Amino acid sequence: MLGGIKNTASLPELRRRLIFTFLMLAVYRIGVQIPTPGINGEALAAFFAQNAGTLFGMFNMFSGGALENFSIFALGIMPYISASIIIQLLTVVIPQLEALSKEGESGRRKITQYTRYGTVALSLIQSLFISVGLEGMSGPGGEAIVIFPGWQFKLMTIITLTSGTAFIMWLGEQMTERGIGNGISLIIFAGIVARMPAAVGNTIQMVSAGEMNVLFLLFLVLMMVLVVGVIIYFETAQRRIPIQYAKRVVGRRVYGGQSSHLPLKINVAGVIPPIFASSIMMFPATIGGLIQIDWIQRVSASLSPGTIYYYILFTAFIVFFCFFYTAVTFNPVDVAENLKKHGGFIPGIRPGKKTADFIDKALTRLTVIGAIYVSVICVMPTVLISKYNVPFYFGGTALLIVVGVAIDTISQIESHMVMRNYEGFMKKGRIKGRR
């Protein structure tokens, strides 16, 4: 592995991409520390310390601590994710958007532009709700969080937070295009990893104060190791469908006849389902926590972590996005047609519709297993979090995102190295990416 890391420095293009990615992440982490004017930082920090086990704590985790500091990146990347969900759902419903998605690169650029507009619109709405909510909130000691409430504060907050989210969106797109890995996922990854040392320190303080048993801490560590092992196993697991290519005679030469395989991953959607599901669960509950209206408070309380409604809805959203994202990114009909064009077939299965049906059936079964796996990984640790006040950073959602993004990024680095005749990080095996 050390030799593989050394080889990365020998590739100028890969070295430039890695340096660019690290610089963009450094810019993001600097922005997290720049506070929005007009906020009593001590009162806000005390409020988050008191509500660390609620959805505010999860939102703060996804923003990398930006919400706790109420920095210019306080909204994080969640508006972009929510806009992406809306656009992808509308693509299935609206024929014009569906036609755009099939137009190739130009159509994708147009859909990306619509996603950007949606991100700005959602950022405006969310920042308005947050500014109104903060004016009515106070710290544990009764001190006001907003120093000078009024429309001047609201407008400044709306402009600042919306601009911050737009800048994060631009950073993510730049990292995807000119760096290594998926930029949006890397931003969430960096936010979670940056908060983990503080979570470890808080846990040690809880053990020192007697709020957590040492044996339970050991159990927690063992559970984390087990969860990481399970995540690595499922994220790299594949079902390989055998593919046989027919022989072709051209003149006196015989071409084809090779055997290959079609790899189908258990979790085709990767970390997208828990990110999308968390984004949807946080949006209404966050509004409910900021607006002091009775019926909104009751709905917010019923959707808080630890309630049966939260677990049911969270699991339902994860399962839905597992199937939805798989259907959007993988089309068995197109795969069957491409195999038929290149003279490939699955042994025992007729080319064309029969092949598409076979692949679709196999993919559906794998997606069911993948949805169950993602749901268990994300929901079961949440039960421990709600009952034993364990920080969110030890939850399955955070571990799934961190491990999944790390596997994808290493896989892309290996792809760059293998294309240039390097062995990659591992001499005895390759890291299997999601795609």
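Some points to look at:
- Residues (surrounded by fewer than 17 Cβ atoms within 10 Å (Cβ to Cβ) and either in a helix (DSSP H, G or I) or at positive phi (or both)) located in segment 76-100: ILE86, LEU89, LEU90, VAL92, VAL93, PRO95, GLN96, GLU98, ALA99
- Total residues in segment 307-353, condition under 28 Å from ARG108 (Cα atoms) and of a type in the set (A, V, I, L, M): 8
Matching residues to (1) at pLDDT 75 or above; (2) in contact with a helix residue (DSSP H, G or I) (Cβ under 8 Å, 6 or more places away or on another chain); (3) outside any helix (DSSP H, G or I):
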| residue | (1), (2), (3) |
| --- | --- |
| GLY4 | no, yes, no |
| ARG15 | yes, yes, no |
| ILE19 | yes, no, no |
| PHE22 | yes, no, no |
| TYR28 | yes, yes, no |
| PHE56 | no, yes, no |
| MET61 | no, yes, no |
| LEU67 | no, yes, no |
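- Scanning segment 176-219 for residues that are in contact (Cβ under 8 Å) with a residue 60 or more places away in the chain and part of a loop (DSSP other than H, G, I, E, B) returns GLY179, ILE180, GLY181, ASN182, GLU211, MET212.
- Test: residue in segment 233-251 that is modelled with pLDDT of 80 or more, small (Gly, Ala, Ser) and surrounded by fewer than 22 Cβ atoms within 10 Å (Cβ to Cβ): yes
- With respect to the conditions (1) over 18 Å from the mean Cα position of the chain (by Cα); (2) within 23 Å of HIS261 (Cβ to Cβ); (3) surrounded by 16 or more Cβ atoms within 10 Å (Cβ to Cβ), ASN338 falls short on a single one, namely (3).
- Residue within segment 340-349 that is in contact with a Pro (Cβ under 7 Å, 6 or more places away or on another chain), part of a helix (DSSP H, G or I) and modelled with pLDDT under 90 present: yes
- Scanning segment 305-318 for residues that are part of a helix (DSSP H, G or I) and crowded, with 19+ Cβ neighbours inside 10 Å turns up TYR310, PHE314, PHE317, ILE318.
- When we screen SER131, SER123 for residues that are touching a Lys or Arg at 6+ places or on another chain (Cβ under 7 Å) and within 30 Å of GLY41 (Cβ to Cβ), the only hit is SER131.
- Residue list for segment 274-304, restricted to those being assigned to a loop (DSSP other than H, G, I, E, B), closer than 23 Å to VAL376 by Cα and either modelled with pLDDT under 70 or small (Gly, Ala, Ser) (or both): SER304
The values are calculated or read from the model by the stated rules, or taken from the named source; none is laboratory data. Keep in mind that this is a model prediction, so the values were computed, not measured. FYI the Cβ positions are ideal-geometry reconstructions off the backbone, even for glycines, and counts take in every protein chain you see.
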